[in-house]
Amino acid sequence: MRRYGSLQAEALASVARRLVEPLPDSPVVMDVGCGAGSMSVPLAAALRDHGGGVLVLVDATPELLDAACAAARAETDGAVSVKPVLADLAAEDPLSFAGPVELIWGSRVIHHLPDQLRGMKRLVEALAPGGWLALAEGGLETRFLPWDLGVGSPGLQDRMAAARASWFVSMRENMTGSARLPVGWNVALADAGLGEISAFSFVVDHPAPAKQLVRDWAVDRLTWLNEITGPHLHPADRDALRRLLNPSDSEYVGAREDVFLLETDTVHVGRRR
């Protein structure tokens with residue numbers, strides 16, 4: 001998570017400034033599902049430059065919450081109060097502690113909830129009148145491998161993307177209490193009670209030849225994709241993945257000079273009426 005966050009840092013800093021700039025003085029900002037703090041740090045810096053405020057960090061994993069708090073506090077210069085809250089967004093009334101919040105940020109959190117619309121409504125309830133909900137969900141498929149790797153058949157990443165989509169459908173279908181969200185995010189935000197709905201996208205671009213940090217991230221990403229898509233792939237693709245993930249192999253992805261990172265994420269924004 002930290003590796004990935006560092007690769008997104010510049011883009012997320014711009015997003016945080018954009019979201020914090022219209023807020024009132026001394027706002028309360030919440031980062032739900034904060035993880036290791038990829039967005040917590042940019043939000044803390046943006047709040048500091050805004051004149052201060054409160055940053056509430058919410059996560060269900062203590063180790064991640066501790067890491068996010070430590071990283072965010074290092075950016076505040078004492079101008080921002082960082083408050084950690086150990087809570088699961090899927091639990092009952094997880095946000096009642098916070099009081100009115102001027103901005104809630106959630107990145108790739110809602111799609112993990114059994115009832116996504118209900119989760120959004122609960123976030124909306126935590127907003128102050130006129131407060132903003134910003135959800136980073138969707139975008140374009142992350143690209144990091146050349147089309148022809150010289151290992152197996154060309155187009156491996158496209159086949160993994162299709163297999164990942166099948167895995168995601170299965171994952172959601174097997175959730176207890178799972179409910180479909182058969183609309184786009186703009187419609188879902190309106191259904192959750194928000195107005196002034198808009199969206200914007202940001203790009204993370206590390207072209208080849210990339211620094212070692214990108215190659216190390218590519219190993220992480222490919223390892224995860226291998227774990228979730230393996231059963232859905234042809235044996236020849238699984239053989240190619242074994243080679244790409246073997247540090248002793250000449251085709252090891254962590255040593256290839258043609259690995260890159262190109263990602264476009266979309267942020268969906270709405271305001272409580």
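The values are calculated or read from the model by the stated rules, or taken from the named source; none is laboratory data. Computed from a prediction, not measured in an experiment: that's the story for all the values here. Glycine also receives a Cβ, built like all others from the backbone with ideal geometry; neighbour counts cover every protein chain displayed. Calculation scope for accessible area: heavy atoms of the full protein, side chains included, ligands and nucleic acids excluded. Shrake-Rupley method; radii C 1.70, N 1.55, O 1.52, S 1.80 Å.
For region 1-99, the set of GluC sites (Glu not before Pro) satisfying both a DSSP loop assignment and a count of at most 16 other C-beta atoms within 10 Å is given as Glu92. The 3J(HN,Hα) values that the Karplus relation (6.51, -1.76, 1.60; θ = phi - 60°) gives for region 232-243 are, in residue order, 9, 9, 5, x, 5, 5, 5, 5, 4, 5, 4, 5 Hz. Gly and Pro appear as x. The charge dipole of the chain, taken about its Cα centre with unit charges on the Cβ atoms of Lys, Arg (+1), Asp and Glu (-1) only, comes to about 240 debye.
The alpha-carbon atoms of the chain define a convex hull whose volume equals 128 cubic angstrom per residue. Does anyone have the angle between helix 212-229 and the longest principal axis of the chain? Alpha-carbon axes, 0 to 90°, nearest 10? Between the helix axis and the principal axis of the chain, the angle is about 80 degrees. Relative to the longest principal Cα axis of the chain, at what angle does helix 116-126 sit, 0 to 90 degrees, rounded to 10? Taking the Cα atoms of the chain, the angle to 116-126 is about 30 degrees.
Amide H contacts under 5 Å for Met30: Val56, Leu103, Ile104, Trp105, restricted to partners 5 or more places along the chain or on a different chain, H placed in the peptide plane at 1.01 Å from N. The 3J(HN,Hα) values that the Karplus relation (6.51, -1.76, 1.60; θ = phi - 60°) gives for region 32-48 are, in residue order, 8, x, 5, x, 7, x, 4, 9, 4, 5, x, 5, 4, 5, 5, 5, 4 Hz. Gly and Pro appear as x. In loop segments of region 146-234 as defined by DSSP, the chymotrypsin sites (Phe, Trp or Tyr not before Pro) with at most 15 further C-beta atoms inside 10 Å of their C-beta are Trp147. Relative to the Cα centre, the charge distribution of region 97-193, modelled as +1 at Lys and Arg Cβ and -1 at Asp and Glu Cβ, gives a dipole magnitude of about 160 debye.
How much of the accessible area of region 1-152, probe 1.4 Å, is carbon plus sulfur, in whole percent? Carbon with sulfur: 51 percent of the solvent-accessible area.
Summed over the residues of region 1-272 and divided among them, the accessible surface reaches 46 Å² per residue at a probe radius of 1.4 Å.
Counting only DSSP H runs of at least 4 residues, each contributing -39500 (n - 2.57), and dividing by the residue count of the chain, the helix-based mean residue ellipticity at 222 nm comes to -12500 deg cm²/dmol.
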